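The values are calculated or read from the model by the stated rules, or taken from the named source; none is laboratory data. Since the model is a prediction, treat every value here as computed from it, not as a measurement. FYI the Cβ positions are ideal-geometry reconstructions off the backbone, even for glycines, and counts take in every protein chain you see.
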2 protein chains.
Amino acid sequence: MITNTLEIDGERLWQTLEVSGEIGKFRETGLRRLALSEEDKQMRDVFVGWCRDAGCSVEVDHLGNIFATRPGTDSALSAVSCGSHLDTQANGGKYDGILGVLSGLEIIRTLNDRGIETKRPIEVIVWTNEEGARFTPPMGAAMAFVGHIPADGVLGAKDSDGITFGEALKSIGYAGDENAANRDYDSYFELHIEQGPILDETNEDVGIVTGGYHSRGMKLDIRGETAHAGPTAMDQRQNALVGAGLVIAAVNDIGWKYHPENGKSTATQIFCEPNLAGIVPEYCRLSVDFRHPDESGAEIMYVEVQQAIAAAAKRAQVTIEVAETWTFGDSMFDDDCIKLLKDTADQMGQSHVDIMSQAGHDAYAMAHSTPVAMIFTPCTGGVSHNTGEKIELARTLPGVNVFLNAIVARANQ
Amino acid sequence: MITNTLEIDGERLWQTLEVSGEIGKFRETGLRRLALSEEDKQMRDVFVGWCRDAGCSVEVDHLGNIFATRPGTDSALSAVSCGSHLDTQANGGKYDGILGVLSGLEIIRTLNDRGIETKRPIEVIVWTNEEGARFTPPMGAAMAFVGHIPADGVLGAKDSDGITFGEALKSIGYAGDENAANRDYDSYFELHIEQGPILDETNEDVGIVTGGYHSRGMKLDIRGETAHAGPTAMDQRQNALVGAGLVIAAVNDIGWKYHPENGKSTATQIFCEPNLAGIVPEYCRLSVDFRHPDESGAEIMYVEVQQAIAAAAKRAQVTIEVAETWTFGDSMFDDDCIKLLKDTADQMGQSHVDIMSQAGHDAYAMAHSTPVAMIFTPCTGGVSHNTGEKIELARTLPGVNVFLNAIVARANQ
């Protein structure tokens with residue numbers, strides 16, 4: 001077999017994206033396909049059908065992660081895996097995660113078309129609730145799969161209606177076998193839209209992800225006391241919303257301070273009680289996150305965010321407790337896997353550029369237990385997590401073909 | 001008749017407060033009796049029953065305001081009115097508004113007990129939705145009654161479930177006759193708990209309200225754009241929540257700046273969309289208000305709040321539109337009515353102190369069309385709009401008796 005000459009069927013890939021783009025369609029160009037929703041179930045059913053039609057065996061684990069396997073010629077060898085997610089943000093786009101999963105399917109279809117066998121199995125994985133839009137934390141199902149966090153916490157997480165991850169999983173019929181989680185892999189590759197502007201601006205073909213931004217998030221419980229916003233003097237108020245506002249302002253300042261080093265921090269979510277005009281609020285829950293390319297930079301930002309929280313609590317006369325934290329980007333990708341992607345791109349004549357990922361990905365979880373690499377494809381204007389997310393097939397094909405040939409090469413090692 | 005010697009039946013007043021305190025009971029010591037809710041209907045029904053039992057005629061206008069009238073001996077004379085509200089905040093107390101209404105009922109019962117007639121009718125009014133906890137604006141039904149704002153806007157206001165004031169009014173059976181709104185009064189008196197600490201701290205018997213703080217509120221529409229909080233650089237974000245946070249922080253600073261002059265400003269309510277951890281929010285609605293004893297002080301604060309809004313919009317790269325504003329405290333109370341309350345207290349040997357009201361009251365609305373005065377009674381620690389709101393009967397009786405004797409005196413003029 002001549003290596004690095006395989007090409008997928010671009011039109012067929014595009015058609016699968018278009019089918020997906022109708023399931024949970026939102027605001028003309030977007031998707032709202034929250035994890036474990038009815039729309040997510042529909043998409044999973046369609047995907048599983050496609051995989052079975054392509055001759056794959058399909059297993060589902062107790063976290064709802066789906067594993068579609070094309071057998072290899074040597075049953076003693078562990079699989080080369082790839083994958084991403086099919087759930088979206090509430091105001092999400094049609095490609096984030098989805099392109100990676102459907103590119104994996106397209107690899108299998110392409111090998112089938114040509115009657116090509118590989119030594120190792122090739123497995124396409126759909127991770128549950130990568131986005132975290134419905135259940136906290138994001139990437140939880142992948143993190144629990146590799147044992148990085150406890151599965152119980154993931155299954156017990158509640159959405160805003162009080163429904164647990166585990167209940168939602170059962171209700172859509174995707175609560176599978178716990179033993180399916182004990183899987184061993186040769187490697188894991190993930191293809192994803194860049195969610196940033198570099199490839200679009202530089203016109204490079206593919207991005208090779210060399211690592212992730214060090215990213216931390218936290219949820220704050222801010223507690224004050226209700227009072228009438230009229231008679232209560234400033235020094236007698238314990239306004240939880242003022243506490244939140246001071247944290248938001250300070251975290252924004254910290255983000256700007258580290259902007260020259262590509263650091264960033266922000267607040268994205270707030271709940272306020274009783275949340276009535278004219279009544280001093282007694283409680284706020286606030287989500288903040290911050291990211292920095294260097295671990296030391298992230299650590300400094302963390303210290304400054306903590307100082308800002310303490311200062312805000314004092315100024316607003318409220319208590320602020322850090323209720324939950326998450327962190328990612330501290331796991332390293334695999335040099336051999338990265339080199340394979342670069343060599344493949346070189347040999348195919350595709351230009352490539354190194355990129356640090358700033359968003360979280362399931363690959364971060366897999367990197368805790370398996371050699372991992374990621375490849376980025378361009379998205380227009382770098383827009384993502386937005387219904388305006390957009391890709392072009394012609395700009396996407398180079399990346400998918402590099403992905404295809406690298407995976408096949410690895411599966412024949 | 002010897003003036004200023006009448007006394008109400010304190011135990012009976014307390015019993016009516018206790019009945020009221022069970023209708024919409026919330027968190028042991030509080031009430032959640034939102035305007036035009038099922039609880040509000042129950043309380044209205046009980047109150048109307050009490051008034052009819054006391055021989056009053058009862059009318060309801062198209063805004064749900066209830067008018068219970070005890071006839072006078074001269075049917076050509078306009079009534080001396082008094083009243084307040086029976087609705088509460090979501091985390092409200094048992095006395096705010098309610099004490100004023102039930103003290104009015106107690107006046108009528110006391111006069112009935114003693115067989116005392118007055119020249120003018122005495123009328124007890126229950127104003128709909130004074131709190132504004134369910135429908136904006138607060139005091140809207142009283143403001144529309146006097147023609148200060150259009151009734152259509154009040155009837156069309158929607159609660160958070162999209163139900164209009166008018167629909168809710170019909171559903172509880174309190175949409176009355178529009179012509180009932182064309183009423184003419186000799187005067188209006190309102191008794192209310194102080195909602196501040198002055199009487200409690202100074203141990204004075206009653207507060208005589210000489211005017212209201214100049215108070216303004218606004219709702220802000222803050223618009224940015226959704227984006228992934230990861231890859232999006234600080235200078236590319238348009239985070240509506242950051243815009244809101246900067247306004248909250250700045251408004252808090254303005255409040256502290258005018259704290260030495262008894263000014264205050266704060267933010268109390270926020271809605272955020274899509275409100276998901278990790279997604280830059282595209283929209284926030286924020287309620288802010290500010291109050292100052294002097295009109296010129298309130299005007300300066302208004303200018304500073306507007307400057308802060310403009311600066312926050314620029315810094316957060318969002319647009320901020322002032323969607324709604326309200327103002328109160330610009331109507332003056334009546335010198336003769338104030339003097340009558342003070343003289344009555346003096347003659348009864350009750351100590352009194354002048355107080356500027358910092359909260360809004362239905363009396364502000366009535367002051368646009370009728371001579372008005374207000375009397376405050378002590379509440380423990382000045383706590384209000386809180387389930388911990390508390391009064392003592394012994395500290396309340398002096399105020400209610402001054403209220404009674406002043407109203408009887410006015411009704412015999």
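Taking the range A:153-167 only, how many residues are under 17 Å from A:MET139 (Cβ atoms) and either surrounded by 14 or more Cβ atoms within 10 Å (Cβ to Cβ) or touching a Lys or Arg at 6+ places or on another chain (Cβ under 8 Å) (or both)? Quick ask: steps written out before the conclusion?
In the first step, residues of the range A:153-167 are kept if they are under 17 Å from A:MET139 (Cβ atoms); the result is A:153-157, A:159, A:165.
Right, trim to either surrounded by 14 or more Cβ atoms within 10 Å (Cβ to Cβ) or touching a Lys or Arg at 6+ places or on another chain (Cβ under 8 Å) (or both) and you get A:153-155, A:157, A:159, A:165.
Count: 6.
Name the pairs whose Cβ atoms lie under 6 Å apart, with the first residue in the range B:249-262 and more than 14 Å from A:GLY230 (Cα to Cα), the second not in a helix (DSSP H, G or I), and 6 or more positions between them or separate chains?
B:VAL251/B:SER265; B:VAL251/B:ALA267; B:VAL251/B:VAL288; B:ILE254/B:SER265
Are there any pairs with C-beta distances below 7 angstrom linking a residue in the range A:385-413 that is among the hydroxyl-bearing types (Ser, Thr, Tyr) to a residue that is in a loop (DSSP other than H, G, I, E, B), with the two at least 6 apart or on different chains, and if so which?
A:THR387/A:ARG27; A:THR387/A:THR29; A:THR387/A:ASN91; A:THR387/A:GLY93
Going by what's in this entry, would A:ILE172 be described as within 21 Å of A:GLY97 (Cβ to Cβ), more than 12 Å from chain B (Cβ to nearest Cβ) and either at pLDDT 95 or above or surrounded by fewer than 20 Cβ atoms within 10 Å (Cβ to Cβ) (or both)? Give the steps one after another, and end with the answer.
On the way: within 21 Å of A:GLY97 (Cβ to Cβ): yes; more than 12 Å from chain B (Cβ to nearest Cβ): yes; either at pLDDT 95 or above or surrounded by fewer than 20 Cβ atoms within 10 Å (Cβ to Cβ) (or both): yes.
In short, yes.
Scan (1) surrounded by fewer than 24 Cβ atoms within 10 Å (Cβ to Cβ); (2) within 20 Å of the chain's Cα centre (by Cα) for the single condition B:LEU77 breaks and write down its number.
Of (1) surrounded by fewer than 24 Cβ atoms within 10 Å (Cβ to Cβ); (2) within 20 Å of the chain's Cα centre (by Cα), only one is false for B:LEU77: (2).
Any idea which of (1) touching a strand residue (DSSP E or B) at 6+ places or on another chain (Cβ under 6 Å); (2) more than 7 Å from chain B (Cβ to nearest Cβ) is the one A:LYS257 doesn't satisfy?
(1)
Quick check on this structure: which one of B:ALA411, B:ALA406, B:ALA323, B:ALA365 is more than 14 Å from chain A (Cβ to nearest Cβ) and under 30 Å from A:ASP235 (Cα atoms)? Break it down stepwise before answering.
Numbers: B:ALA411 fails: under 30 Å from A:ASP235 (Cα atoms); B:ALA406 fails: under 30 Å from A:ASP235 (Cα atoms); B:ALA323 fails: more than 14 Å from chain A (Cβ to nearest Cβ).
When all the criteria are applied, what remains is B:ALA365.
Look through B:ASP335, B:ASP330, B:ASP294 and report the one residue that is at pLDDT below 95 and more than 30 Å from B:VAL400 (Cβ to Cβ).
Numbers: B:ASP335 fails: more than 30 Å from B:VAL400 (Cβ to Cβ); B:ASP330 fails: more than 30 Å from B:VAL400 (Cβ to Cβ).
After applying the criteria, what remains is B:ASP294.
Within the range B:376-387, how many residues turn out to be at pLDDT 90 or above and under 20 Å from B:ALA133 (Cβ atoms)?
Counting residues in the range B:376-387 that are at pLDDT 90 or above and under 20 Å from B:ALA133 (Cβ atoms) gives 1.
Can you tell me which residue within the range A:80-115, out of those that are hydroxyl-bearing (Ser, Thr, Tyr) and more than 18 Å from A:LEU393 (Cα to Cα), is surrounded by the most Cβ atoms within 10 Å (Cβ to Cβ)?
Filtering the range A:80-115 down to residues hydroxyl-bearing (Ser, Thr, Tyr) leaves A:81, A:84, A:88, A:95, A:103, A:110.
Now narrow it down to the ones that are more than 18 Å from A:LEU393 (Cα to Cα): A:81, A:84, A:88.
Details: A:SER81: 25, A:SER84: 27, A:THR88: 33.
Among those residues, the one meeting the criterion is A:THR88.
Return the residues of the range B:136-149 that are part of a loop (DSSP other than H, G, I, E, B), in contact with a Ser or Thr (Cβ under 8 Å, 6 or more places away or on another chain) and either among the aliphatic types (A, V, I, L, M) or within 24 Å of B:ARG32 (Cβ to Cβ) (or both); say none if nothing qualifies.
B:VAL146
Which of (1) surrounded by fewer than 19 Cβ atoms within 10 Å (Cβ to Cβ); (2) not assigned by TED's automatic domain parsing to the domain that holds B:LYS94 is the odd one out, the single condition B:ASN179 does not satisfy?
(2)
Could you tell me whether any residue of the range A:239-253 is facing chain B (nearest Cβ under 7 Å), within 21 Å of B:ILE193 (Cα to Cα) and of a type outside the set (Phe, Trp, Tyr)?
no
Output the residues belonging to the range A:356-386 that are closer than 21 Å to A:VAL124 by Cβ, crowded, with 24+ Cβ neighbours inside 10 Å and of a type outside the set (A, V, I, L, M).
Those that are closer than 21 Å to A:VAL124 by Cβ, crowded, with 24+ Cβ neighbours inside 10 Å and of a type outside the set (A, V, I, L, M): A:SER357, A:GLY360, A:HIS361, A:ASP362, A:TYR364, A:PHE376, A:THR377.
Quick one: B:LYS219 ticks every box in (1) more than 9 Å from chain A (Cβ to nearest Cβ); (2) of a type outside the set (Phe, Trp, Tyr); (3) in a strand (DSSP E or B) except a single one, so which number is it?
Every listed condition holds for B:LYS219 apart from (1).
Could you go through the range A:200-216 and let me know if any residue there is within 14 Å of chain B (Cβ to nearest Cβ), basic (Lys, Arg) and not in a loop (DSSP other than H, G, I, E, B).
Checked against the condition, which is being within 14 Å of chain B (Cβ to nearest Cβ), basic (Lys, Arg) and not in a loop (DSSP other than H, G, I, E, B), the range A:200-216 yields at least one hit.
Just wondering, is there one or more residues in the range A:262-277 that are at the interface with chain B (Cβ under 9 Å from one of its Cβ atoms), among the acidic types (Asp, Glu) and more than 21 Å from the chain's Cα centre (by Cα)?
Applying the first criterion (at the interface with chain B (Cβ under 9 Å from one of its Cβ atoms)) to the range A:262-277 yields A:262-277.
Those still in the list that are among the acidic types (Asp, Glu) too: A:273.
Remaining after also requiring more than 21 Å from the chain's Cα centre (by Cα): A:273.
Yes - at least one qualifying residue is present in the range A:262-277.
Name the single residue that is nearest to B:ILE375 (Cα to Cα) among those in the range B:173-197 being aliphatic (A, V, I, L, M) and under 19 Å from the mean Cα position of the chain (by Cα).
So in the range B:173-197, the residues aliphatic (A, V, I, L, M) come out as B:175, B:180-181, B:191, B:193.
Right, trim to under 19 Å from the mean Cα position of the chain (by Cα) and you get B:191, B:193.
Details: B:LEU191: 5, B:ILE193: 8 Å.
It comes out as B:LEU191.
Could you check B:PHE290 against (1) facing chain A (nearest Cβ under 10 Å); (2) touching a residue at least 24 places away in the same chain (Cβ under 8 Å); (3) of a type in the set (A, V, I, L, M, F, W, C); (4) in contact with a Leu (Cβ under 8 Å, 6 or more places away or on another chain) and say which number it fails?
The one condition B:PHE290 does not meet is (4).
Of the conditions (1) without any contact (Cβ under 8 Å) to a residue 60 or more places away in the chain; (2) at negative phi; (3) assigned to a loop (DSSP other than H, G, I, E, B), B:GLY162 satisfies every one except a single condition; which number is it?
With respect to (1) without any contact (Cβ under 8 Å) to a residue 60 or more places away in the chain; (2) at negative phi; (3) assigned to a loop (DSSP other than H, G, I, E, B), B:GLY162 is out only on (2).
If we scan the range A:232-248, do we find a residue that is modelled with pLDDT under 95 and crowded, with 24+ Cβ neighbours inside 10 Å?
Yes, the range A:232-248 contains a residue that is modelled with pLDDT under 95 and crowded, with 24+ Cβ neighbours inside 10 Å.
When you go through (1) assigned by TED's automatic domain parsing to the domain that holds A:ASN203; (2) out of contact with any helix residue (DSSP H, G or I) (no Cβ under 6 Å at 6 or more places or on another chain) one by one for A:SER296, which number turns out not to apply?
(1)
Sort out which residues of the range A:222-238 are at the interface with another protein chain (Cβ under 8 Å from one of its Cβ atoms) and part of a loop (DSSP other than H, G, I, E, B), and write them in order of number.
A:THR226, A:ALA229, A:GLY230, A:PRO231, A:THR232, A:ALA233, A:ARG237
Could you tell me whether any residue of the range A:23-46 is within 20 Å of A:THR380 (Cβ to Cβ), without any contact (Cβ under 8 Å) to a residue 40 or more places away in the chain and surrounded by fewer than 20 Cβ atoms within 10 Å (Cβ to Cβ)?
Yes.
Which count do you get for residues in the range A:369-413 that are assigned to a helix (DSSP H, G or I) and more than 16 Å from the chain's Cα centre (by Cα)? Quick ask: steps written out before the conclusion?
First, pick out the residues of the range A:369-413 that are assigned to a helix (DSSP H, G or I): A:380-382, A:393-411.
Of the ones still in play, those that are also more than 16 Å from the chain's Cα centre (by Cα) are A:380-381, A:393-411.
Going through the range A:369-413 one residue at a time, the tally reaches 21.
Looking at A:ARG52, A:ARG12, which one is in contact with a strand residue (DSSP E or B) (Cβ under 8 Å, 6 or more places away or on another chain), surrounded by fewer than 19 Cβ atoms within 10 Å (Cβ to Cβ) and at pLDDT 95 or above? Steps first, answer last, please.
Values: A:ARG12 fails: in contact with a strand residue (DSSP E or B) (Cβ under 8 Å, 6 or more places away or on another chain).
After ruling out the rest, the residue left standing is A:ARG52.
Being closer than 30 Å to B:HIS385 by Cβ, among the hydrophobic types (A, V, I, L, M, F, W, C) and over 28 Å from the mean Cα position of the chain (by Cα) is the requirement here; does A:LEU246 meet it? If you could, list the steps in order and put the result at the bottom.
Values: closer than 30 Å to B:HIS385 by Cβ: yes; among the hydrophobic types (A, V, I, L, M, F, W, C): yes; over 28 Å from the mean Cα position of the chain (by Cα): yes.
Spelling it out, A:LEU246 is indeed closer than 30 Å to B:HIS385 by Cβ, among the hydrophobic types (A, V, I, L, M, F, W, C) and over 28 Å from the mean Cα position of the chain (by Cα).
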